[in-house]
Amino acid sequence: MVGALSLTACGGNNSGDNDGKGGKGGSGSGKGSNSVATSAVRIAISAKDGSAGASVNTTGVKVSGGTLTDVRMTVAETGAAVAGAVSADGRSWQPARQLERGTRYRIAATAKDADGRTQAADSTFTTVSKANSFIGTYTPDNGTTVGVGMPVSFTFDKAISDQAAVRSHITVTSSSGQEVVGHWFGAQRLDFRPEEYWKAGSKVTMKIDLDGVKGANGAVGVQKKTVSFTIGRSQVSTVDVNTQTMTVVRDGQTVKSIPISAGAPEFTTYNGQMVISEKLRETRMDSRTVDLANAYDIKDVPNAMRLTTSGTFVHGNYWYKKSNPPFGRTGMSHGCVGLRDEQGGQGDTPAKWFFDHSSIGDVVIVKNSADKQVAPDNGLNGWNMSWSEWTAASDA
C-alpha cells in the first residue's frame with residue numbers, strides 16, 4: 001500500500017535509564033523502568049498525503065495489528081461526506097461508489113489494537129484528472145436483455161494508442177461457450193462479438209479491468225467493473241427489396257410476412273446485416289441532418305428503430321398516398337424501410353406490431369437492393385465482416 005503510516009502509541013514511564021552518576025542500569029528495582037507500551041496497529045491509506053493521480057476505484061484504507069474504529073472521507077473543498085463501509089473483519093474500508101476524477105479528497109481513519117490502544121492517520125490527495133485518464137462508454141447496459149445480434153461496443157473518450165493493452169483488459173465471455181473476440185474500428189471504438197449470432201438464452205459477462213492501464217498518450221484507464229446481460233429469443237427479419245417484403249423469423253420459425261417500402265431508386269437502402277440499436281415510439285426526421293437538403297421534415301415519425309448511425313431506420317409511414325399504397329409494391333423512401341402506420345403510432349398496424357415485437361439487438365437483413373453493403377462500423381453492424389477479417393487484427 002502506498003502511504004502506509006507506521007504509528008506508535010507511547011505509554012508508561014520512559015524517564016530514562018541513567019541517573020547521571022555513572023554505573024550501569026540506574027537505581028531502583030528495575031521493574032518497568034525501561035518499559036514502552038507500543039501499539040501494534042498499522043494504518044495504510046492507499047493514496048499518499050499530498051499525492052495526485054489517485055485511483056477512483058481502489059482508494060481506501062487497510063489496517064494490520066488491529067481493527068478500524070472510524071473512517072471518514074470527505075470532498076476536501078466542500079466537506080461533503082463520501083459514503084463507505086468497513087469490511088466484516090474490521091481490517092479495511094472502501095468508498096461505496098467510484099470516486100470522481102480530478103477531485104481532492106481527505107480520509108481520516110482511526111483504529112485500535114487488542115489492548116484498546118488507538119491510533120489515527122489521515123491523507124489529503126487528488127484523484128486522477130480527466131486530462132490524464134480515459135473512459136469508455138459501452139453498450140449494452142448491465143442487466144438488460146437484448147437480441148442475438150447485439151455486440152458489446154465501447155467508445156472511448158480519447159484516442160487509444162496501446163490498443164492491445166486496452167483490449168486485453170476487457171474480457172467478454174458467454175455461458176454458451178462461444179468464442180468472443182474484440183475488433184477495433186479506428187482509435188476510439190472497440191466491439192466484441194462471437195463468430196455467429198449469440199445463442200438465444202445465453203448470459204454474457206463483460207469484465208472491465210482498465211483501472212491504471214496506460215492506453216492513451218499520457219492517460220490511464222479508470223474503469224473497473226463487471227457487467228452482464230442476457231440474450232433473449234432469436235429474431236432475424238429479412239427485407240427482400242425485389243418483393244418489397246420483410247419476413248420475420250423467430251427462434252427458427254417464420255411468424256409474419258410484412259409488406260414494406262424500401263428506398264426509392266434514387267435513394268436506395270443499404271444491403272447487409274443491421275442491428276436495431278435504438279427504439280423510438282415517435283421521432284423527428286429532418287433530411288438536412290443526412291445531407292438531403294429540404295427533402296423532408298417529419299416531426300412525428302412513429303415506431304422508429306435505428307439500423308445505422310447515418311440514419312437508416314425501420315419505421316412507420318402514415319403519410320403515404322392512401323389511394324396508392326406502396327407497401328409490398330415499390331420503394332418510395334429516402335433509404336429507410338417503411339411500414340404502414342397511423343399518425344401517433346398506436347393503431348393496429350404492421351409498423352406497431354413490428355415495433356412491439358422487436359428488441360434492441362435484433363437483426364434486420366436487407367438483400368437485393370441496388371445499394372452497396374452497409375459499412376460494419378455504420379451502427380452496430382460488424383456482422384458484415386467475415387470472421388477472418390474480424391479476428392485478423394484482434395491483437396492490434
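The values are calculated or read from the model by the stated rules, or taken from the named source; none is laboratory data. Because the structure is a prediction, the values reported are computed rather than measured. Because the Cβ atoms are built from the backbone with ideal geometry, glycine has one as well, and the counts that use them run over all protein chains shown. Heads up: the accessible areas ignore ligands, DNA and RNA and are worked out on the full protein's heavy atoms, side chains in. Shrake-Rupley method; radii C 1.70, N 1.55, O 1.52, S 1.80 Å.
Taking residues in the stretch 330-341 that are on the phi > 0 side of the Ramachandran plot, and partners anywhere that are crowded, with 21+ Cβ neighbours inside 10 Å and in a loop (DSSP other than H, G, I, E, B), the pairs with Cβ atoms closer than 8 Å and at least 6 places apart or on different chains are GLY335/THR269; GLY335/TYR270; GLY335/THR312. Please go through (1) within 22 Å of GLY379 (Cα to Cα); (2) outside any loop (DSSP other than H, G, I, E, B) for ALA187 and return the number of the only condition it doesn't satisfy. Against the list (1) within 22 Å of GLY379 (Cα to Cα); (2) outside any loop (DSSP other than H, G, I, E, B), ALA187 comes up short only on (2).
In the stretch 253-276, the condition of being on the phi > 0 side of the Ramachandran plot, in contact with a Ser or Thr (Cβ under 7 Å, 6 or more places away or on another chain) and part of a loop (DSSP other than H, G, I, E, B) is met by no residue.
Within the stretch 195-243, the set of residues being open to solvent by less than 10 Å² (accessible area, probe 1.4 Å), of a type in the set (S, T, N, Q) and touching a residue at least 60 places away in the same chain (Cβ under 8 Å) comprises GLN235, SER237. Is one or more of the residues making up the stretch 264-274 exposed (fewer than 14 other Cβ atoms within 10 Å of the Cβ) and more than 24 Å from GLY344 (Cβ to Cβ)? Taking every residue of the stretch 264-274 in turn, at least one turns out to be exposed (fewer than 14 other Cβ atoms within 10 Å of the Cβ) and more than 24 Å from GLY344 (Cβ to Cβ).
A search for C-beta distances below 9 Å between a residue of the stretch 365-383 that is free of Cβ contacts under 8 Å to residues at least 12 places away in the same chain and any residue that is assigned to a loop (DSSP other than H, G, I, E, B), counting only pairs 6+ apart in sequence or on different chains, returns ALA375/TYR270; ALA375/THR308; ALA375/SER310; ALA375/ASN381.
Taking every residue in the stretch 348-360 that is farther than 22 Å from THR230 by Cβ and pairing it with any residue that is of a type in the set (D, E, K, R) and open to solvent by 40 Å² or more (accessible area, probe 1.4 Å), at least 6 positions away or on another chain, the pairs with Cβ-Cβ distances below 7 Å are THR349/ARG340; THR349/GLU342; PRO350/ARG340; ALA351/ARG340. Return only the number of the condition from (1) within 22 Å of ASN381 (Cα to Cα); (2) in contact (Cβ under 8 Å) with a residue 60 or more places away in the chain; (3) open to solvent by 30 Å² or more (accessible area, probe 1.4 Å) that THR289 does not satisfy. Here THR289 clears every test but (2).
So which of GLY116, GLY143, GLY136, GLY102 is modelled with pLDDT of 95 or more and farther than 30 Å from GLY361 by Cα?
GLY102
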